[in-house]
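Values in this text are rule-based calculations from the coordinates and carry no lab data. Since the model is a prediction, treat every value here as computed from it, not as a measurement. Cβ atoms come from the backbone with ideal geometry, glycine included; neighbour counts cover every protein chain shown.
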Amino acid sequence: MAKTLLEAVNIEVRRGMGVVLSNHNLLAKQGDVVVLEGANGSGKSTLIEAIARLLPLEKGHVNHGEMLVVDHEGRRKPSPLNVSLALQKNGALGSERVKEHLEIAMKMAGQSLDFSPFLDAFSLTHRANDCISNLSQGQARKVAVLAALLPAFASSNPSIVLMDEPDAGLDESSIEALCGCINELRKAGHCLVISTHDERVKDCATTKHHLPSGRNTPCEPQQKGDTSSHSTSPESPVSPSRFGLTMQWRTLAWLNQNAMAALLTLGILMAMGPWTDSLTELQQLGFILAPALAAGLCGDAMVAMCREERTNAWWRAVSTGPPHSGVLPFLLGAVVTMASNFALVSEFSAINMFVGALLTGITSHVLRLAHQSTERLARPQAVFIGLLTPVLILPYALLLDMLTR
Amino acid sequence: MEGMTYLAVAYFGMIVAVGIWTYTVVQRSRHLSQRMDALETAVKVYSNDSNEE
Amino acid sequence: MKMKVGEALLLFGFIGIALTMMLAFLWAPSVSINAFESPAAQRIFYWHVPSAWAAFIAFGVLFVGSAGWMFKRSELMWRLHIAGSEAGLATGLMVVWSGCVWGAAEWGTPWDWSDVRLNSFGLLTLLAVYLVLGRGSQPDGVETRDTFAAFGLYGFILVPFTYVATRIWAIRHPGPVVGTDDGGSLNADMGFLLLFGTLSFTLLIVGHMLTSMRITSFEQRIEALQKTLDGGV
């Protein structure tokens, strides 16, 4: 008997001032293709995002397999199953390469496979090593769709595949390839939940789930796909910090944002001439550490970068959290403090370097968390979060006081 | 006396600021109340018209 | 137009504050000229301490409103959150501003980054600025309310922290004058005026919060009426 892979029980989800889903139920078993039908604004995307643990529930809960993964009391647990998804936005940074993004998506399932036949089917072979920003909108959409399909192909265990309008912007042959993949995954025992307006994709359904009523209509899938075997190899998942470091290194966003702030601060201090000898120990340390604090106060460039195409949401759904810069701010703080120590008092101090590393690292990560806490807002860019940055000056003053006492 | 002048200026500034703020809040409340009444009348007129049709 | 309870409280509170200021200026006893750099400026505390009391009430209301919205999803609690943040902003600015006025006269500088209470209160006020401006920048909705209610809850940690700050880190900010084990350092007239000022500020802030809640309910009703008209026109 087919195992239940996905269950949404009496869920209520609010968006803006309205209740989008109320007392809604959804059940998907191994080999099910549930196609979500309904007019624009009926709650198809909301249902997919709720299942993917991206939206908080007002009532009810969602199970993946037999385990509760999100409920109305705020519990949010990692899924025991492999979950892959394609949101309406592509969930990939422009600086990622096609091949790289697909490999990351598969590694989240703990497996990898040779995906060149899939690139062929979607006419992306010649673009495999390109950055996603160089692709057309349709090509970028194909990459997003493949990032949802490939982890299930690579996984030996039953997977949940969630796709929100995967057909949007795809050409005829790619929709055909998509339908073939859907049928193949269905036969392999995975479950798929797809929101679509395309009749060809609807024909792949085993169940049509109507929104907002929640009525289910069983169907016989019309298209037959071949089941082919894919040789897979085990891989370890990519952590959000490793991905963040790779992107920071490639884009040099840290240089533009954090390092420049530190260099400008140091430059201003140096422009005032040799004046540090006349200062007290506390004042001297305050100026030595000022560039490290300035670097940290600029926050983590990954936060703004990952708002592109809702990359942060994609990572939250498939990994442990959104990407971040990991150890980079700590390293930057150490280097910047070493430079300011030399420039201002012509000395090397390992303790100051260590304190500078902690100062930049902790400041940057605290600000990242503050920024990320506003991600749910309709306009996160316009929320004045910078007003809260002075919260970090008091610990800085107390730190200086403690170190020089 | 210099200290008392300083204090007088500070007190005066603060009391004026609180006065302006209080006045603004009351005015806003009254303005919104009038606007709400006007809208309620408009909605009633509209629903009466719809019923007649 | 008929005066509402909130407006009446605002009026009485304002008159009380004006009276407190007048009495502080003309009637309150002077402090020892040896104990302070600027004895006249010490009278600012008849404003500073009652407004800090009012600020704690406002931030308490903010906390209750934030928690009420998060756990009960109550419209009334959301109105309390808005009223608390606006009142917290106004009273916070009063406290910080009067503190700066006194600091400039007594310390020779309006701000001291190493003073824990001054800074923690400044941060509390900044949080209120953030809540008021940030909320204004977003469309109303459950996402906006959840986010700002969460900040309101976290921010409340600063209230007890600020309260105990001068007891733990007595760097420059004067220690408490009431609620201490030795019965405080105020004489009877000073104590009376401080109490009168505290009552006046309490009336003003309660009046403000009632009016603010009324304004929010008007705004919500207006939005609903406009939606009705949108659907019909």
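Please find the FRET efficiency linking residue B:43 to residue A:210, where r is the Cβ-Cβ separation and R0 is fixed at 51 Å, and quote it to the nearest 0.05.
The formula returns an efficiency of 0.95 here.
If I take R0 = 51 Å and measure r between the Cβ atoms of residue C:229 and residue A:4 in this structure, what FRET efficiency does the formula 1/(1 + (r/R0)^6) give, to the nearest 0.05?
Taking R0 as 51 Å, the efficiency between residue C:229 and residue A:4 is 0.60.
With 25 Å as the limit, write out which pairs from A:3/A:187; A:3/A:77; A:89/A:208; A:3/A:99; A:89/A:202; A:142/A:202 have Cα-Cα distances beyond it, or answer none.
Beyond 25 Å: A:3/A:99.
Stokes-Einstein D for the protein assembly as shown at 25 °C, 0.890 mPa s, Kirkwood Rh over Cα pairs, in µm²/s?
Translational D for this selection: 84 µm²/s.
Roughly what would the spin-label model give for residue A:236 and residue C:15, points 7 Å off Cα along C-beta, in nm?
7.5
Within a Cβ distance under 15 Å of residue C:206, other residues only, what is the Lys/Arg minus Asp/Glu net charge?
+1
Tell me, how many Å apart are the Cα centres for region C:92-148 and for region B:1-43?
About 20 Å separates the Cα centre of region C:92-148 from the one of region B:1-43.
Within region A:196-291, report the trypsin sites (Lys or Arg not before Pro) that DSSP leaves as loop and that have at most 11 other Cβ atoms within 10 Å.
Loop-located and lightly packed - A:215, A:224.
Enter the Cα centre distance for the pair region A:172-247 and region A:360-405, rounded to the nearest angstrom.
41
Can you list the equivalent-ellipsoid semi-axes of chain A, largest first and in whole Å, using the square root of 5 times each Cα gyration tensor eigenvalue?
Semi-axes from the Cα gyration tensor: 48, 23, 17 Å.
Can you give the Rg and Dmax of region A:18-73 based on its C-alpha atoms, in angstrom?
Cα radius of gyration and Dmax of region A:18-73 are 11.6, 34 Å respectively.
Would you mind checking which residues have amide H under 5 Å from residue A:29's amide H? H placed 1.01 Å from N; only 5 or more apart, or other chain.
Correct list: A:5.
How big is the dipole moment of region A:240-404 about its Cα centre under a simple scheme where the beta carbon of each Lys and Arg is +1, that of each Asp and Glu is -1, and everything else is neutral? Debye, nearest 20, please.
Value, rounded to 20: 760 debye.
So what are the three principal axis dimensions of region A:1-134 from its Cα atoms, in whole Å, longest to shortest?
Projected onto its principal axes, the Cα set of region A:1-134 covers 47, 39, 27 Å.
Mind listing the phi-derived Karplus ³J(HN,Hα) values for region C:194-210, rounded to whole Hz, using 6.51, -1.76 and 1.60 with θ = phi - 60°, and x for any glycine or proline?
Couplings: 5, 5, 4, x, 5, 4, 4, 5, 5, 4, 4, 6, 5, x, 5, 5, 4 Hz.
Give the residue list of chymotrypsin sites (Phe, Trp or Tyr not before Pro) in region A:291-349 that are DSSP loop and have at most 16 other beta-carbon atoms within 10 angstrom.
Answer by residue number: A:348.
May I have the convex hull volume per residue, in Å³, for the Cα set of region A:240-404?
Per residue, the Cα convex hull of region A:240-404 comes to 115 Å³.
Quick one: which residues, 5+ away or cross-chain, put their amide H under 5 Å from the amide H of residue A:59? H built at 1.01 Å from N.
HN-HN under 5 Å from residue A:59: A:12.
How tilted is helix A:240-251 with respect to the longest principal axis of chain A? Cα atoms for both, answer in degrees (0 to 90, nearest 10).
Value to nearest ten degrees: 70.
Using Cα-Cα distances under 8 Å and only pairs 6 or more residues apart, what relative contact order does chain A have, in percent?
Relative contact order of chain A: 17 percent.
What is the fewest-to-most order of C:100, A:298 by other Cβ atoms lying within 10 Å of their Cβ?
So the ranking, lowest neighbour count to highest, is C:100, A:298.
Please report the equivalent ellipsoid semi-axes of region A:4-234, computed as sqrt(5 x eigenvalue) of the Cα gyration tensor, largest first, in whole Å.
27, 19, 18
Just to confirm my numbers, what's the Cα centroid distance between region A:48-78 and region A:117-132 in Å?
34
For helix A:328-345, report the angle its Cα long axis makes with the longest principal axis of the Cα atoms of chain A; keep it between 0 and 90° and round to the nearest 10°.
Between helix and principal axis, roughly 10 degrees.
Expressed as a rounded percentage, what relative contact order does region A:253-315 have, with Cα pairs under 8 Å and six or more residues apart?
51
Using each residue's phi in region A:378-389, evaluate 6.51 cos²θ - 1.76 cosθ + 1.60 at θ = phi - 60° and report the 3J(HN,Hα) Karplus result to the nearest Hz, with x for Gly and Pro.
5, 10, x, 6, 9, 9, 6, 4, x, 4, 8, 4
What relative contact order, as a whole-number percentage, does region A:240-404 give when Cα pairs under 8 Å and 6 or more residues apart are counted?
It comes to 28 percent, rounded to a whole number.
Spelling out what I want: for every residue of region A:127-133, take phi, set θ = phi - 60°, compute 6.51 cos²θ - 1.76 cosθ + 1.60 (Karplus), and round to whole Hz; glycine and proline get x.
9, 4, 9, 7, 6, 5, 5
If we count other beta carbons within 10 Å of each Cβ, what is the order of A:100, A:58, fewest first?
Starting with the residue having the fewest Cβ neighbours, the order is A:58, A:100.
Counting other beta carbons within 10 Å of each Cβ, put C:81, A:72, C:48 in order, fewest first.
A:72, C:48, C:81
For the pair residue A:123 and residue A:187, what calculated FRET efficiency results from E = 1/(1 + (r/R0)^6), where r is the Cβ-Cβ distance and R0 = 22 Å, to the nearest 0.05?
So the FRET efficiency works out to roughly 0.35.
For residue A:36, which sequence-distant residues (separation of 5 or more, or a different chain) have an amide H within less than 5 Å of its own amide H, given hydrogens modelled in the peptide plane?
Here A:194, A:195, A:196, A:209 satisfy the definition.
222 nm [θ] for the protein assembly as shown, helices only, -39500 (n - 2.57) per DSSP H run of 4+, per residue, to 500?
Only helices count here, giving -19000 deg cm²/dmol.
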